[in-house]
Every structure is written in structure tokens, then in C-alpha cells.
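Asks: Structure provided below as C-alpha cells; questions to follow.
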Amino acid sequence: MEYALKTDGITKIYGKHTVVDHVDMHVKKGAIYGFIGKNGAGKTTFMRMVAGLAAPAAGSIELFGSEELEKQRQRLGTLIEQPGLYGGLTARDNLEVVRRSLGITRKHAVDEMLEFVGLSHAGKKKVRNFSMGMKQRLGIAIALFRNPDFLILDEPINGLDPEGIKEVRDLLSKLNKEKQITILISSHILGELSKIATSYGVIKEGALIEEFEAEELRHRCRRCVKFVVDDAQRALAILEEKCHITGYDVPGKEVIRVFDRLDSSWEMNRELIAEGIRLKECYLAGQDLEGYFMDLLGGTSDV
């Protein structure tokens, strides 16, 4: 398996607070990897360490199978937090500053990049007057200027209107398919992320709790009977023994989702109650991406 990014136990500590806690991440070459977690979970700090903007307290990072990070980071394009743009300049002038700072002699590179990100029409309009979507596309253009093999984007669609979201989403799909660029992207807009992501990593309180492929996520979000109980592990043992269930998962300490025997929920209810399980909720569900991650991360919408 070829990985664009592989980390082993990467950790970041500020004072007495562990912000990133022994994260082992695996981003396959050519993937669009959706990085999901609540605010403050450690997403941005992790991305900063990969990009070389912060130093880990422990652990190792491999880029394209190598720990020679100074060399391999030349293959990265990053947009972490807000793009560094000059508001009093045009999009063209902003890219000219980048072209010259990188020592790129080909002057047509600016026009080509403006065309690629859909900003060739911006003309003499100052960046301070751009929409949020236009600013994000210009930030992505700056990240792309070195023709990276791997793009790291922190919340690139946050705060955009639906049209802006679609523009950025279409651009990222184009980069991935036409240029084979691997993308690591964090986003709060899970429904949009699910339209382009090929794999996912979920971070909670600094720890990466799961990694899975998009196909696995679709499997997990299918129709089910959802039980909310006082003790999921004990309830699961009862359901396996008494009701012979085989298709299920346990996304939380109090949650069980059963994917088979959906027409026998009454029997499952009866057995749980007979064995003294406190049954808080039981209902037929078919989760969307957001609902699934709410269960996984603990039930608030701040993802």
C-alpha cells in the first residue's frame, strides 16, 4: 500500500494539555481523506505538524514513504486556517507575489492558475471585495502553485454559501481526478464532505479513534434498529445469545445498531427488558453521515 502520509504516535502537548494524542494516520496516495472532529479536537494542530508549522512532542511522520521531511514537504500544498492574502491587491497580483517568491520564471503560470480555479474573470477587483468562495479558491490557487502531489486543506468550505461550497467541491474533485493530487481535508459540512471523500479519519479529544473507507461508511449508515441502553456491551451479549443477531455495531457506550432482523425489534425489546436492561430508546433508523458522526463523537452538532 502506498501512502502519501503515514504517522506513528504523533503527539503535541501545550503545557499540561495533550492536543494531539499518539495519532496513527494513514492517507493513501490518490485519496481524498476527510478528517472529522469537533472544534478543539486537534485537527488543525495535526495538520500544522504535518506541514512543518509546528513540531511534534513525540512520534514520527512519513510523507510518500520517507522521513526526509524537508525534501518531501516540497511536494505539499497547504491551506491551513485563513489564506494569507493581500486585500489591496487583485487575484493576479497576489499570485504574482507568490510566483516571484517561489522563483517560478514562467509568467503564464499565473494566467493558467487563475483559469484553473475559475478566477480569470476577477480582473482588477481587489481581493478585499471578493466573496468568501473567491478568497478560498485564491487560497487554493496559492497552495497549488508548486504543483503539489499532496494538498492539505483546513476547513476550506467553512462559511461559504451553497454556490461557493459547490465551486470548491468541484475544484477539489477536479484536482483529485485530473491531476491525481492526494487531499487531506477537514470540514464541518459533513454532507458535502461525503460527496467527495474516499476515506475518513475521526479524531476525538486529540486521539484518532477510527479510520475507514467511504464504502464502509455507507455500509454503517444503512437501515437499522437503534437501541439506546444503560450498558451497550451487556445488552449486546443478550441480543447475540437470545436473538442470534450477527449484523451490528456499537458506536457508543450506550448505543447499539442492529442491521439484521429489522422486523423483530419487538422480540429484541422483550429480551432486553426481561434481562433487566434499562431501555431508553428503540427505533428504526437510517442514518445520514452527520447522524453517524454525532453518535461516534458524543452527540453534539459541533463537528
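The values are calculated or read from the model by the stated rules, or taken from the named source; none is laboratory data. Note that the structure is predicted; figures quoted are calculated from it, not measured. With ideal geometry, Cβ positions are generated from the backbone for all residues, glycine too; neighbour counts draw on all protein chains shown. Keep in mind that these areas ignore ligands, DNA and RNA; they rest on the heavy atoms of the full protein, side chains included. Shrake-Rupley method; radii C 1.70, N 1.55, O 1.52, S 1.80 Å.
Asks: Looking at (1) of a type outside the set (S, T, N, Q); (2) surrounded by 14 or more Cβ atoms within 10 Å (Cβ to Cβ); (3) more than 30 Å from HIS26 (Cα to Cα); (4) free of Cβ contacts under 8 Å to residues at least 40 places away in the same chain, find the lone condition where GLU241 falls short.
Replies: Evaluating GLU241 over (1) of a type outside the set (S, T, N, Q); (2) surrounded by 14 or more Cβ atoms within 10 Å (Cβ to Cβ); (3) more than 30 Å from HIS26 (Cα to Cα); (4) free of Cβ contacts under 8 Å to residues at least 40 places away in the same chain leaves (2) as the failure.
Asks: Here's another thing I want to ask about it. Out of the stretch 188-206, which residues are open to solvent by 50 Å² or more (accessible area, probe 1.4 Å) and at pLDDT 95 or above?
Replies: Within the stretch 188-206, THR198 is the sole residue that qualifies.
Asks: Taking the stretch 19-41 as the region of interest, how many residues are open to solvent by less than 50 Å² (accessible area, probe 1.4 Å) and over 26 Å from LEU175 (Cα atoms)?
Replies: Count: 4.
Asks: Would you mention how many residues in the stretch 140-187 are small (Gly, Ala, Ser) and surrounded by fewer than 22 Cβ atoms within 10 Å (Cβ to Cβ)?
Replies: 4
Asks: What tally of residues in the stretch 175-217 results from selecting those that are touching a helix residue (DSSP H, G or I) at 6+ places or on another chain (Cβ under 9 Å) and closer than 15 Å to GLY42 by Cβ?
Replies: The total comes to 9.
Asks: So which helices (runs of 4 or more DSSP H) stay within the stretch 185-303 end to end and still have 2 or more residues that are more than 30 Å from THR7 (Cα to Cα)?
Replies: 232-243, 265-274
Asks: Count, please, the residues in the stretch 256-274 that happen to be under 27 Å from TYR33 (Cβ atoms) and open to solvent by 20 Å² or more (accessible area, probe 1.4 Å).
Replies: Residues flagged as under 27 Å from TYR33 (Cβ atoms) and open to solvent by 20 Å² or more (accessible area, probe 1.4 Å) within the stretch 256-274 amount to 1.
Asks: Follow-up. Any chance the stretch 56-71 includes a residue that's among the aromatic types (Phe, Trp, Tyr) and either assigned to a loop (DSSP other than H, G, I, E, B) or more than 18 Å from ILE203 (Cα to Cα) (or both)?
Replies: Yes: one or more hits.
Asks: When residues of the stretch 130-158 are filtered for being modelled with pLDDT under 90 and more than 26 Å from GLY52 (Cα to Cα), how many remain?
Replies: Of the residues in the stretch 130-158, 4 are modelled with pLDDT under 90 and more than 26 Å from GLY52 (Cα to Cα).
Asks: Hey, another quick one. Considering only residues that are under 30 Å from the mean Cα position of the chain (by Cα), under 14 Å from LYS135 (Cα atoms) and exposed (fewer than 15 other Cβ atoms within 10 Å of the Cβ), which ones fall in the stretch 70-103?
Replies: GLU81, GLN82, GLY84, TYR86, GLY87
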